[in-house]
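K.L.:
My questions will all concern the structure given below.
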Amino acid sequence: MAEKKKNPKTLLKVLGFVKRYLFFIFLSMLLAAASVAGTLYIPIVIGEAIDFIVGEGQVNFAAITPLLIRAAVVAGATALCQWLMSVINNRVVFHVVRDIRNTAFDRIQELPLSFLDRNPVGDIVSRVIADADQFADGLLMGFTQLFTGVMTIAGTLVFMLSINPWITLVVVVLTPVSLFVAKFIAKRTYNMFKLQSETRGEQTAFIDEMIGNQKVVKAFGREDEAIEKFDEINLRLEKAYLSATFFSSLVNPSTRFVNSLVYAGVGLTGAIAAISGGLSVGALSCFLSYANQYTKPFNEISGVITELQNALACAGRVFELIEEPAQVSDEGNKVLGGTDGDVSLHDVCFSYVPEKKLIENFNLTVTPGQRVAIVGPTGCGKTTVINLLMRFYDVTSGKICVEGEDIRELTRESLRSSYGMVLQETWLRSGTIRDNITMGKPDATDEEVIAASKAAHAHSFIKRLPDGYNTVIGEDGGSLSQGQKQLLCIARIMLCLPPMLILDEATSSIDTRTEIKIQDAFAKLMKGRTSFIVAHRLSTIRDADIILVMKDGNIIEQGNHTELLNKGGFYANLYNSQFAV
Amino acid sequence: MRKLLKHLTDNYLKETILAPLFKMLEAILELLVPLVVAAIIDTGIGSGDTGYVVKMALLLAAFGIVGLGFAVTAQYFSAKAAAGFARSVNGALFRKIQEFSYAQLDKTGTSTLITRMTGDLNQVQSGVNLTLRLLLRSPFVVFGAMIMAFTIDFDMALIFAGAIPVLALVVFGVMFVTIPLYNKVRGGLDTVLRTTRENLTGVRVIRAFHKEQDEIQYFSGENQSLTRQQKKVGRIAALMNPLTFVIINLAIILLINNGAVRVEAGILTQGAVVALYNYMSQILVELIKLANLIINITKSIACGRRIEKVLETEAMQKDGIEKNGFEGYLYAVEFRKASLRYPDAAENALSDIDFTAERGSTVGIIGGTGSGKSSLVNMIGRFYDAEEGEVFVDGLNVRDYEIEALRSKIGIVPQKAVLFKGTIRENMKWGNENATDEEIFKALELAQAKEIVEKKDGGLDHMIEQGGKNLSGGQRQRFTIARALVKKPEILILDDSASALDYATDAALRKSLKTLENTTVFIVSQRTSSIQHADKIVVLDDGEVAGIGTHDELLQSCEVYKEIHNSQFKKESDGKEGVNNG
């Protein structure tokens, strides 16, 4: 995904998702206001009560009791408000994130393959999962703490002013000092953190490379060299961690120090005011408790703001994904009725990047029932042809027709369901073996599933699995071997019997003896159906009706096996080299 | 945990003791604050002594400064201990993993090892840092506040003694209920992550089967259940603050009420009531800190256990002492009824392997997927040990060799062509640290890789990215072959390492390997064309030897070999092949 400029509209987009829950947010704010008011009111009540406890024989019980009852009721109500507010905030945040995730996932289903091929899977996954999660955390923290924090500061100020403006002034002047201190330290430690995370990244990369390939390290006896290099990085990381952690951990004691100065200041001015009779002892104790409460949200808010900025940045990354243009809609296109496998390509040109032409003026006519094989060295564009046939990519110019219809005028669903596709890179989803086989035909009966598996020579190994067809396999096939995974993918196709077939190195990981047997099954299956086969092993394509020999994106030879051998060109060379010594 | 903590106590004992100690000193100062405030109220305000008030306020400020000093000292020691601890553990982990045998690596899996060295260790490190700083402080403040309350007034302090257990019950109760629920949320998140991943890696298949709508429904179901779990745990976790708030305030009300009675009776002063009130507030703050700390520590302990498991793994292989076998012994490699079984496997991976490889000969190993070809060649360098039977190199049992000496004789080209970040020269020198450019080029030439280097900017100084990402599969494979040849090994093992080469390059490679004299070559392959000219071919079928002999002999005698061969040369066996052999 291209690095985009930070979008100031991210906040607006977030609000777009939040809009649905406006009522709840309003409710949450009301509750926050109520709970802050309650939290601030209780010290006043307690302070008043303390004022009635002057000394021996000077206690006014009649005044104290109602005050204490009032404090208890307020405390209960405040706690209830706090809890309800948290529950509502949870609800809003988790629902917003759920909605964003769903939207992002919907978009993934519609994004063009060109986008998905270009961007690493890990990157997109981290947007949908980690970024959305970070966003949720930040938003939740923002909701709960930012609003209550601001309310607390404002409320405290009002309450303090109403009691004694001079002491309030002491608090207001001294408190921001702790913010400055925190900011000052954060600025100084930024570079240390950067160094730490860079060194940590370097170490992780090194671990990844060495431990990930531990067998090679051992095979070449490079253990000592690896340890030496690791120790060197490790030592640097220790130093970087020490300075980053130590200096950043100064924030806490420093702000606490400032707070204690504020506390001492309030104590001093308050006591002097009390001596001169301008302040009661209860009011002083109330002030001291406020002095603590007033400084705390300042520290929290600075944290919350960084967190919120981070959350917005994360949201921005998710929105980038959501806003990627979708593939061209096929709404209103014709539905491909049935096909016998009549496919033709007219002057097809295609390239992944405009500067680098790949396929040029490609013409081909395939009549129903023909077997088309595509061969050539790695990277010559064999798989590209498949991408175009399935319309994973659209041609740059020219057209591809099925039953005489330009495939861009057909619905993707009807086009793709007329092909059965097996790729070299097998893909299985976590779930049971049966789920995986019945992917193209969810209502298949047990008999059909077993018959298809037998045809794919997968039945015998499935039978031996702990739960047979109901064995649950992990992500990407879990413990199955590459060959077994390919057999399952083949069984999947054998079950739904599409009119056309695409095999892209479909048997590359299956040993040649089994491969022959599967090919016989395919041969039976494909009688009268059109098939496209990409293969590395030339032995597997000898019987094809048309062999396309590709090199650097061009079709350099075309014909059947005998014709091409007699021609003595590239194919003949390629073919003969496998017997040379 | 003891083994892990040894890394802390052995090297950083001073820091480990001093960090919490200074934290405690800081806490003591904090506990003194309410007493000073009480003195201000009772003595200062009571007698209207402004000078006394100023003195006490200065004392409070002094407490702040000294407290800052204590805190900074504590932070320094704890950061130092945590930094050193992590370095020490990580070094130990890395060394331990270097000792792992292939079998142990297979069993553990490298990705878990990597997580343990990175994610787990970071968690433990921050756990150590936090623990040193806070674990002693918070309980100290809580109990300290209670003790201070006792020094003020015994009966009033009983309210503290009653409130603290109730508070602890709430804080820890909520924690213990939510921890398993949080784990469930993590699990839900993993499921959502897996589905997203699967949809990206399988996008072609999903679209080919037009499953997009089904997937959207499936995902939104999982997403919904994640949201439900999150809300559930959120509702319970949200109880902690309101409940502690209520309890503390009730305790304060009780405090004021009883305090009023005792002040009336002349047992207590007004200032003392304010001091008690302050102590109660301090307890609340510390308990919440403590709860967060304990969550962090529980996580750290779980991660620490995972790390410790790695450290506790015993090295499986015992080293021998011999550096050399019998020079001039006829057979470079001998398998004598050797069997191999992987840990926890039900059946042998290889059974009764028995054959010899003469010095300087070429041995082909062939068989289907999973027939045990790679396992067999990995036994030569003792990457796996035989369960039964023996493997000999130069007439000496591999178990009697010093492992390093044994492996220095062997050059391996693994199935997966792995190169490392660094220049081409650095990669080649993995084979031999002292190799000259001339020797490297010789090896590259043999491996059909010389022209690749010549075409690259900087030649041997060309940078290879991690994993060799900037090279094609075929290029990587040829480089890994060259790397093994730089070693000038006595035994060269090509483990299905020509699969990404086209037939012409494969043939040229085999021709150039023929020129290596005195090197015994093992070629593992699925293609008969790659091994048909070997001096000896071992045919494996499901872990057992199905036949041994030359290509022609096996075509006559070995059914499995014949089938493999025919599957690759169908309909050609009637003579054409001979023609093409030219």
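Readers should treat all values here as calculations from the given coordinates under stated rules, not as data from a laboratory. The structure presented is a predicted model; accordingly, all values stated were derived computationally and were not measured. Please note: Cβ atoms are built from the backbone with ideal geometry, for glycine as well, and neighbour counts cover all protein chains shown.
K.L.:
Could you work out [θ]222 nm for chain A from helices alone, using -39500 (n - 2.57) per DSSP H run of at least four and dividing by all its residues? Round to the nearest 500 deg cm²/dmol. Intermediate results must be reported in sequence, preceding the final value.
P.N.:
Values: 21 runs with 353 residues, N = 581.
Taking each H run of at least 4 residues, the total per residue is -20500 deg cm²/dmol.
K.L.:
Mind jotting down a quarter of the surface of the convex hull over the alpha carbons of chain B, in square nanometres, one decimal? Show your work: numbers first, answer last.
P.N.:
Numbers: hull surface 157.0 nm².
If you wrap the Cα atoms of chain B in a convex hull and average its projections, you get 39.3 nm².
K.L.:
How many Å³ per residue does the convex hull of the Cα positions in region B:373-524 occupy?
P.N.:
Working: hull volume 17.0 nm³, N = 152.
Residue-normalised Cα hull volume stands at 112 Å³.
K.L.:
Of all DSSP beta bridges located in chain A, what percent are antiparallel, nearest 5? Display every interim value, and only then the final one.
P.N.:
On the way: 21 of 40 bridges.
Here the share of antiparallel DSSP bridges comes out near 50 percent.
K.L.:
Can you give the log10 of the normalised intensity I(q)/I(0) at q = 0.17, 0.19, 0.30, 0.32 Å⁻¹, computed with Debye over equal Cα scatterers of region A:412-455?
P.N.:
Summing over Cα pairs of region A:412-455 leads to -0.59, -0.73, -1.18, -1.17.
K.L.:
So what is the relative contact order of region A:165-278, in percent, for Cα pairs below 8 Å that sit 6 or more residues apart?
P.N.:
On the way: 61 pairs, mean separation 62.2, N = 114.
Normalised by residue count, the contact order of region A:165-278 is 55 percent.
K.L.:
Quick one: check the C-alpha center-to-center distance for region A:343-371 versus region B:115-189, whole angstrom.
P.N.:
68 Å
K.L.:
Where does region A:50-170 land on Rg(C-alpha)/(2.2 N^0.38 Å)? Walk me through the numbers before you get to the answer.
P.N.:
Numbers: Rg = 25.6 Å, N = 121, 2.2 N^0.38 = 13.6 Å.
In units of the 2.2 N^0.38 Å rule of thumb, it is 1.88.
K.L.:
Further question: At 20 °C and 1.002 mPa s, grab the translational diffusion coefficient of region A:165-278 from Stokes-Einstein with a Kirkwood Rh over Cα pairs, rounded to a whole number in µm² per second.
P.N.:
Details: Rh = 18.0 Å.
D, rounded to a whole number, is 119 µm²/s.
K.L.:
Counting only residues 5 or more places away or on other chains, whose amide H sits under 5 Å from the amide H of residue B:462 once H atoms are built in the peptide plane?
P.N.:
Distant-sequence amide H within range of residue B:462: B:424, B:425.
K.L.:
Next question, about the same structure. So which GluC sites (Glu not before Pro) in region B:334-415 end up in coil per DSSP with only 15 or fewer other C-beta atoms within 10 Å?
P.N.:
Working: sites: B:334, B:347, B:358, B:387, B:388, B:390, B:402, B:404; in loops: B:347, B:387, B:402.
Hits after loop and neighbour filter: B:347, B:387, B:402.
K.L.:
Using the Kirkwood formula over every pair of different C-alpha atoms, what hydrodynamic radius in Å results for region B:412-488?
P.N.:
Values: mean 1/r = 0.0847 Å⁻¹.
With all distinct Cα pairs of region B:412-488 included, I get 11.8 Å.
K.L.:
Please compute the average number of Cβ atoms from other chains found within 10 Å of each residue's Cβ in peptide B:71-79. Present the calculation step by step, with values, prior to reporting the outcome.
P.N.:
Numbers: counts 7, 6, 1, 2, 8, 6, 1, 3, 9.
Taking all residues of B:71-79 together, the mean is 5.
K.L.:
On a C-alpha basis, how far is the centre of region A:442-492 from the centre of region A:34-95 in Å? Whole number, if you could?
P.N.:
Cα centres, region A:442-492 to region A:34-95: 66 Å.
K.L.:
Measure of size requested: the Rg and Dmax of chain A, with Cα atoms as the atom set and Å as the unit; please supply both.
P.N.:
For chain A, the Cα radius of gyration and maximum Cα-Cα distance read 35.8, 123 Å.
K.L.:
May I ask you to list the residues of region B:451-465 whose amide nitrogen lies under 17 Å from a point 7 Å from Cα along the Cα→beta-carbon direction of residue B:472?
P.N.:
Zone members listed by number: B:451-457.
K.L.:
Calculate the tail of P(r) for region B:154-267: the fraction of all Cα-Cα distances greater than 24 Å, expressed in %. Don't skip to the answer; put the middle values down first.
P.N.:
Working: 3562 of 6441 pairs.
Roughly 55 percent, once rounded to a whole number.
K.L.:
For region A:432-566, what percent of Cα pairs sit more than 19 Å apart? Mind dumping the intermediate values first?
P.N.:
Details: 4816 of 9045 pairs.
The answer is 53 percent, as a whole percent.
K.L.:
Just rank A:517, B:487, fewest to most, by other beta-carbon atoms within 10 angstrom.
P.N.:
Numbers: A:517 15, B:487 22.
Fewest-to-most Cβ neighbours within 10 Å comes out as A:517, B:487.
K.L.:
Average partner chain C-beta neighbours within 10 Å, per residue of B:88-100? Before the final figure, lay out each step's value.
P.N.:
Numbers: counts 2, 0, 8, 6, 0, 3, 12, 6, 0, 8, 11, 2, 4.
Counting Cβ atoms of other protein chains within 10 Å of each residue's Cβ and averaging gives 5.
K.L.:
Is it possible to state the helix-based mean residue ellipticity at 222 nm for chain B, with each DSSP H run of 4+ residues giving -39500 (n - 2.57), the sum divided by total residues, to the nearest 500 deg cm²/dmol? What is it?
P.N.:
It lands at -20500 deg cm²/dmol.
K.L.:
Can you give the FRET efficiency for residue B:404 and residue B:550, using 1/(1 + (r/R0)^6), R0 = 41 Å, r = Cβ-Cβ distance, to the nearest 0.05?
P.N.:
Working: r = 35 Å, r/R0 = 0.86.
The formula returns an efficiency of 0.70 here.
K.L.:
Just want the ordering: A:151, A:550, from fewest to most Cβ atoms lying within 10 Å of their own Cβ.
P.N.:
Working: A:151 20, A:550 23.
Fewest to most other Cβ atoms nearby, the residues stand as A:151, A:550.
K.L.:
Sticking with the crude label model, points 7 Å out along Cα→Cβ, report the distance from residue A:406 to residue B:265 in nm, one decimal please.
P.N.:
Between residue A:406 and residue B:265, the simple spin-label model gives 10.0 nm.
K.L.:
Karplus couplings for region A:214-223 from phi (6.51 cos²θ - 1.76 cosθ + 1.60, θ = phi - 60°), rounded to Hz, Gly and Pro as x?
P.N.:
3, 5, 5, 4, 5, 4, 9, x, 9, 4
K.L.:
Let me ask another. Quote the FRET efficiency, to the nearest 0.05, computed for residue A:396 versus residue B:463 with a Förster distance R0 of 25 Å and r equal to the Cβ-Cβ distance. Show your work: numbers first, answer last.
P.N.:
Details: r = 34 Å, r/R0 = 1.36.
Working from the Cβ atoms, E equals 0.15.
K.L.:
In nm², what is the average projected area of the convex hull enclosing the Cα atoms of the protein assembly as shown?
P.N.:
On the way: hull surface 203.0 nm².
It is 50.8 nm².
K.L.:
Another question, if that's okay. For a quick check: sort B:245, A:17, A:522 by the number of other beta carbons within 10 angstrom, fewest at the front. Intermediate results must be reported in sequence, preceding the final value.
P.N.:
Details: B:245 21, A:17 17, A:522 25.
So the ranking, lowest neighbour count to highest, is A:17, B:245, A:522.
K.L.:
Among all the aspartates and glutamates, which ones have a C-alpha under 18 Å from residue A:485's C-alpha, if same-chain residues fewer than 8 places away are not counted?
P.N.:
Straight-distance partners of residue A:485: A:425, A:435, A:467, A:475, A:476, A:504, A:505, A:511, A:515, B:198.
K.L.:
Cα centroids of region B:544-562 and region B:1-33: how far apart, whole angstrom?
P.N.:
Their Cα centres are 71 Å away from one another.
K.L.:
Once the Cα atoms of region A:343-577 are picked out, what are the Rg and Dmax in Å?
P.N.:
Spelled out, the Cα radius of gyration and Dmax of region A:343-577 are 18.2, 54 Å.
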